[in-house]
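Novice: The following block contains the structure, expressed as structure tokens.
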Amino acid sequence: MSRIGRAPIVIPNQVKVVQQGATIAFEGPKGKSSVTLPSTLSAAVSENRLQLQRANDLKPVKALHGLYRALLANWVHGVTEGFRKDLEVVGVGYRAEVKGKQLNLYAGFSHPVPLPIPEGLTVETPKPTSIVVKGSDKQQVGQFAANIRQVAPPEPYKGKGIKYAGEVIRRKAGKAATGAKGGKAA
């Protein structure tokens, strides 16, 4: 069996799990979600544990076994604690603000870049130079954070742009740092 797939998922007390055929629904303090398993996988819910079993040992089925176990574990974590991505806005005049259900980014353009906030996500700007994306769906949180970063990715010369908190931007030396080469042609 897959090492990841055979590990049971511990379900916290505050999470309610309902299984109807191949569909498993989770409900917790941070939200609710449901996952439909492929026909080659089955789930067994007992007490506070969720265990996945697979129908056969074919390679694609083994891969799905580990994948869906990880996805189910992420759903359980998402409805109990939620996921979070922090971004930093770096640059003179670069800032972000939330207005209603829209994030406005001022990132060196002549106009603000509006990004509508998807349903199920919460976006905060504790400071004008920091953005916090929160939600119960790990994929949705990561995708929206990537969309924000894509507006103005950090550049290697001055470091301006939008980056993930803790991300290290490898800096390059500019033209002045290399020195003048050659001289007048003889």
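The values are calculated or read from the model by the stated rules, or taken from the named source; none is laboratory data. Since the model is a prediction, treat every value here as computed from it, not as a measurement. Note that each Cβ is placed from the backbone with ideal geometry, even for glycine, and that neighbours are counted across all protein chains shown. Calculation scope for accessible area: heavy atoms of the full protein, side chains included, ligands and nucleic acids excluded. Shrake-Rupley method; radii C 1.70, N 1.55, O 1.52, S 1.80 Å.
Novice: Look at Leu50 and say whether it is touching a Lys or Arg at 6+ places or on another chain (Cβ under 7 Å) and surrounded by 13 or more Cβ atoms within 10 Å (Cβ to Cβ).
Specialist: Here the answer is no, as Leu50 does not meet what is asked.
Novice: Checking the condition of a type outside the set (Ser, Thr, Tyr) and either open to solvent by 30 Å² or more (accessible area, probe 1.4 Å) or in a loop (DSSP other than H, G, I, E, B) (or both), which residue from Gly142, Gly166 passes?
Specialist: Details: Gly142 fails: either open to solvent by 30 Å² or more (accessible area, probe 1.4 Å) or in a loop (DSSP other than H, G, I, E, B) (or both).
Within the list Gly142, Gly166, the selection yields Gly166.
Novice: Taking the criterion of being modelled with pLDDT of 90 or more, part of a loop (DSSP other than H, G, I, E, B), among the hydrophobic types (A, V, I, L, M, F, W, C) and in contact with a Phe, Trp or Tyr (Cβ under 9 Å, 6 or more places away or on another chain), would at least one residue in the stretch 16-27 satisfy it?
Specialist: no
Novice: Could you give me the residue pairs with C-beta distances under 8 Å whose first residue belongs to the stretch 111-125 and is free of Cβ contacts under 8 Å to residues at least 60 places away in the same chain and open to solvent by 50 Å² or more (accessible area, probe 1.4 Å), whose second residue is assigned to a strand (DSSP E or B) and among the small types (Gly, Ala, Ser) wherever it lies, and which are 6+ apart or on separate chains?
Specialist: Within 8 Å, the pairs are Thr122/Gly135.
Novice: Just to be sure, is Leu105 assigned to a strand (DSSP E or B) and either under 18 Å from Val132 (Cβ atoms) or open to solvent by less than 30 Å² (accessible area, probe 1.4 Å) (or both)?
Specialist: yes
Novice: Return the residue satisfying two criteria in turn: it lies in the stretch 31-47 and is open to solvent by 50 Å² or more (accessible area, probe 1.4 Å), polar (S, T, N, Q) and within 18 Å of Gly78 (Cα to Cα), and of such residues it is modelled with the lowest pLDDT.
Specialist: Of everything passing the filter in the stretch 31-47, Ser34 is modelled with the lowest pLDDT.
Novice: Right, here's the next one. Checking the condition surrounded by 17 or more Cβ atoms within 10 Å (Cβ to Cβ), over 30 Å from Pro126 (Cα atoms) and among the small types (Gly, Ala, Ser), which residue from Gly66, Gly78, Gly82, Gly91 passes?
Specialist: When all the criteria are applied, what remains is Gly66.
Novice: Oh, and also: Of (1) touching a Leu at 6+ places or on another chain (Cβ under 8 Å); (2) within 21 Å of Gly82 (Cα to Cα), Leu115 satisfies all except one. Which?
Specialist: (2)
Novice: Scan (1) open to solvent by 50 Å² or more (accessible area, probe 1.4 Å); (2) in contact (Cβ under 8 Å) with a residue 24 or more places away in the chain; (3) over 18 Å from Gly161 (Cβ atoms) for the single condition Asp137 breaks and write down its number.
Specialist: (1)
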